[in-house]
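First comes the structure, then the notes that go with it.
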Amino acid sequence: MPGWLTGKPTISPMTPDLSINLGGLAMKNPVMVASGTFGYGQEYDRYFDISKLGAVCTKSLSLNVRAGNKPPRLVETPAGLLNAIGLQNVGIDAYLREKAPYLRKKGVTIVANIYGHAPDEYVELARRLEAEGAADAIEANLSCPNVHNAKLATGPSMVSQVPEQVAEYTTSIRSATKLPLFIKLTPNVVNICEPALAAQEGGANGVALINTLLGMAIDTETRRPKLANIVGGLSGPAIRPVAVKMVWDAARVLKIPIIGMGGICIAADAIEFLLAGASSVAVGSMSFRQPDASLRVVEGVEAYLRQHGIPTVSDLVGAIRV
Amino acid sequence: MPHIVNCEVLTHRELAPGQFRVALQGPAIASEAKAGQFGMIEVARGYYPFLRRPMCFERILADAFTVLYKLEGEGTRLLSAFLPGQMISVQGPLGNGFPIESNLTRHIIVAGGIGVATFPGLAEALIKVCDTAPEVVLAARTKDLLLCEQDFREMGCKVHLATDDGSAGEKAYASQVLERLSPAPGTRVYACGPMIMMRETSRVALEAGAECLVSLEAQMACGDGVCLGCVVESKHESEGERMIRVCCDGPVFDARMVDWEAHNFAYDP
Ligand SMILES: Cc1cc2nc3c(=O)[nH]c(=O)nc-3n(C[C@H](O)[C@H](O)[C@H](O)COP(=O)(O)OP(=O)(O)OC[C@H]3O[C@@H](n4cnc5c(N)ncnc54)[C@H](O)[C@@H]3O)c2cc1C
Ligand SMILES: Cc1cc2nc3c(=O)[nH]c(=O)nc-3n(C[C@H](O)[C@H](O)[C@H](O)COP(=O)(O)O)c2cc1C
Ligand code: FES
């Protein structure tokens, strides 16, 4: 196997530059971890030095503690999993008190992912995070499939399915913080470019693509859905081709950078996203299987750059040959 | 602290149709593991199945441990194909494990089906610390699924067998056998098996004034407190404490903490 696939560096005199500037957020490399798949960082710091990552993205934080959905919340499906966690999280107060200080002490670049029921909740969350110095960037989750949004019709529905709402939410949060602002979008739309452009017009510094794809699984013996929530969000390698395609679509219309994610397991997967037009990538569900998968991706991307004699990682962004 | 270790398969044997014991060399894990803890085993090289499989440590030796498992689906099928000499990645030890206390007068293990897999190590630890062998209720659907009877007897445990169909021991449920053993204050009951069996066993134990610890099962993705997928509902009222994670708050819980009323048994594996 070539070195860039295995993560084993091959010798080259040149040291490639992995650092990037992601819409105002300085990162030592383009690799972060996806919200909800890395806890609050500390959990996986037992396995490797998490400060070596480009950034750590927190579990979605809400104003109040949330218990989340009823179990069972998880079911494995081919090459991936369906989840319906329902945004269980410690709440902003406990994050500021207990989680952020650890990340700060470690020197981690923090992307705080936030979730609220209405624009004013996002605004308050962003304000508090900035005021307390507990985030280097904000990622607004407008795309959780597992909580009901009363404003929209029936079933699991997400703010980012409606471009006008993306614009409204983004504009509000934008006015509340100077921190780099990323908007996390759902892939459960007809045309990903519409909510992506709405985020850009609302003043976002980047978009995060993709959140999970809606799915369901049924137990054929009991005829019951396998999740208590009936439907859930699909993640893992199963969704990667869908995610790469959405990044490619969005990259051709956007001026702001993209954080690409969806089934990234090894460096080659991350490079696929970069070539499709993502400026940064996030490792998600793979951390469940291999807690240090994200670090291996960093090492593998560096090895790839060396092997191909590419001086900076930004040279790969959108470098697909079509 | 958990480690991710490539473990060599030392021995791998089919004990009964579809029931296996595998011994794995893994000093970093074995030296820290306690009875009741588990490992996450990487069964596939590729992405099907994608997730690791949670498996209890059956017995813990100085530099190795054994796992007792039954064929369930694709993950355990792949696991069963590993040959001695091959390497397999294990993340562990994970979870809290059983507390071992010597100031109780009586210890009764109640095992349902493959739930027995967590108990040989517990029996060994109890014998070491408390100097008395626990009593064991071994229950299963049918005779072929009763495992470890000989192992417990060799340790000096009094073993009570029960099967749903009466093919071995009493034709009774585990909880009914426990009832006849008259647990009392000062007794600690340890239960592992199907959720419904653990609910009934803990009801009998608690009504008799005994303590009851249950080792729960849940679908897991990370095994390590991160994904929040493995929760069960507890009796805590507060929003922040209601959901307890089987992987890291457990898998061993005081049965009084579990909200059996809220649990939907229809979804159990
Ligand atoms: C803490 C813990 C310890 C366990 N220890 C043992 C043990 O020592 N011996 C043993 O035989 N089994 C044990 N189990 C159950 C074991 O993990 C499952 O039987 C196994 O994952 C089945 O995988 P599969 O691919 O063969 O089955 P499939 O049914 O194909 O699996 C599909 C999915 O469901 C999950 N799953 C299926 N059954 C269970 C179950 N009963 N509990 C949790 N998840 C399940 C799998 O992990 C997988 O993600 C334990 C479970 C937990 C949570
Ligand atoms: C168990 C689980 C929990 C998640 N929680 C969140 C969350 O709280 N907020 C969020 O924005 N995305 C959440 N996600 C979505 C991921 O951040 C990511 O967008 C998605 O899983 C796709 O990446 P992957 O295939 O690499 O996992 C979650 C995903 C999983 C699997
Ligand atoms: S399995 Fe992930 S939190 Fe328990």
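The values are calculated or read from the model by the stated rules, or taken from the named source; none is laboratory data. Note that the structure is predicted; figures quoted are calculated from it, not measured. In this analysis, Cβ positions are derived from the backbone assuming ideal geometry, glycine residues included, and neighbour counts consider all displayed protein chains. Heavy atoms of the whole protein, side chains included, go into the accessibility calculation; ligands, DNA and RNA do not. Shrake-Rupley method; radii C 1.70, N 1.55, O 1.52, S 1.80 Å.
Mean-square fluctuation check for chain B, GNM, Cα pairs under 10 Å: which of B:Gly36, B:Gly46, B:Gly115 is largest? Greatest mean-square fluctuation among the candidates belongs to B:Gly46.
Using a probe of 1.4 angstrom and keeping all protein chains present, the accessible surface of the range A:1-141 works out to 36 square angstrom per residue.
Counting only trypsin sites (Lys or Arg not before Pro) that DSSP places in a loop and that have at most 13 other Cβ atoms within 10 Å, the longest clean stretch of chain A runs over A:47-150. Placing unit charges on each Cβ (+1 for Lys and Arg, -1 for Asp and Glu) gives the range B:3-94 a dipole about its Cα centre, and among B:Pro49, B:Pro84, B:Ala23 the Cα reaching farthest toward its positive end belongs to B:Pro49. Counting only protein heavy atoms and a 1.4 Å probe, chain B has 41 square angstrom of accessible area per residue.
Note on chain B: GNM, Cα springs under 10 Å; of B:Pro134, B:Pro17, B:Pro84, the largest mean-square fluctuation is that of B:Pro17.
Here's the list of lysines a cross-link from A:Lys226 could span, going by alpha-carbon distance under 25 Å and ignoring same-chain residues fewer than 8 apart: A:Lys59, A:Lys70, B:Lys70, B:Lys235. Take every Cα-Cα pair in chain A and report what % of them are more than 29 Å apart. Result for the distance tail: 31 percent. Using a 1.4 angstrom probe on protein heavy atoms only, the contact between B and A buries about 3300 square angstrom of accessible area, both sides summed. The range A:77-100 and the range A:250-282 have their alpha-carbon centroids 23 Å apart.
Here the accessible area is traced with a 1.4 Å probe on the protein chains. For the range B:16-75, carbon and sulfur cover 56 percent of it. Assuming charge only on the beta carbon of Lys and Arg (+1) and of Asp and Glu (-1), the dipole of the range B:3-94 about its Cα centre is about 140 debye to the nearest 20. I'd like the FRET efficiency for B:Asp63 and B:Val129, computed as 1/(1 + (r/R0)^6) with the beta carbon distance as r and R0 of 22 Å, rounded to 0.05. Step by step, r from the Cβ atoms, then E = 0.55. Beyond 22 Å, the tail of the calculated P(r) for the range B:3-94 holds 17 percent of the Cα pairs.
Reported to the nearest whole Å, the Cα centre-to-centre distance from the range B:38-82 to the range A:170-185 is 44.
Applying the criteria of a DSSP loop state and at most 15 other Cβ atoms within 10 Å to the trypsin sites (Lys or Arg not before Pro) of the range B:160-251 yields B:Lys235. For the segment B:36-47, counting C-beta atoms of other chains within 10 Å of every residue's C-beta and taking the mean gives 2. Averaged over the residues of peptide A:43-52, the number of Cβ atoms from other protein chains lying within 10 Å of each residue's Cβ is 2.
What the Cβ-Cβ distance of A:Ala94 and B:Glu154 gives, at R0 = 56 Å and to the nearest 0.05, is a FRET efficiency of 0.70. Give the residues of the range B:246-269 whose amide nitrogen is closer than 11 Å to a point set 7 Å from the Cα of A:Asp219 in the direction of its Cβ. Under 11 Å, as judged by backbone N against the label point of A:Asp219, lie B:264-269 of the range B:246-269.
Any residues in the range A:71-107 that have 20 Å² or more less accessible area with all protein chains than in their chain alone, probe 1.4 Å, and which are they? Residues meeting the cut-off: A:Pro71, A:Pro72, A:Arg73, A:Leu74, A:Glu76, A:Pro78, A:Ala79, A:Leu81, A:Ile85, A:Gln88. In this rough spin-label picture, where each label sits 7 Å from Cα along the Cβ direction, the A:Ala118-B:Glu207 distance is 5.0 nm.
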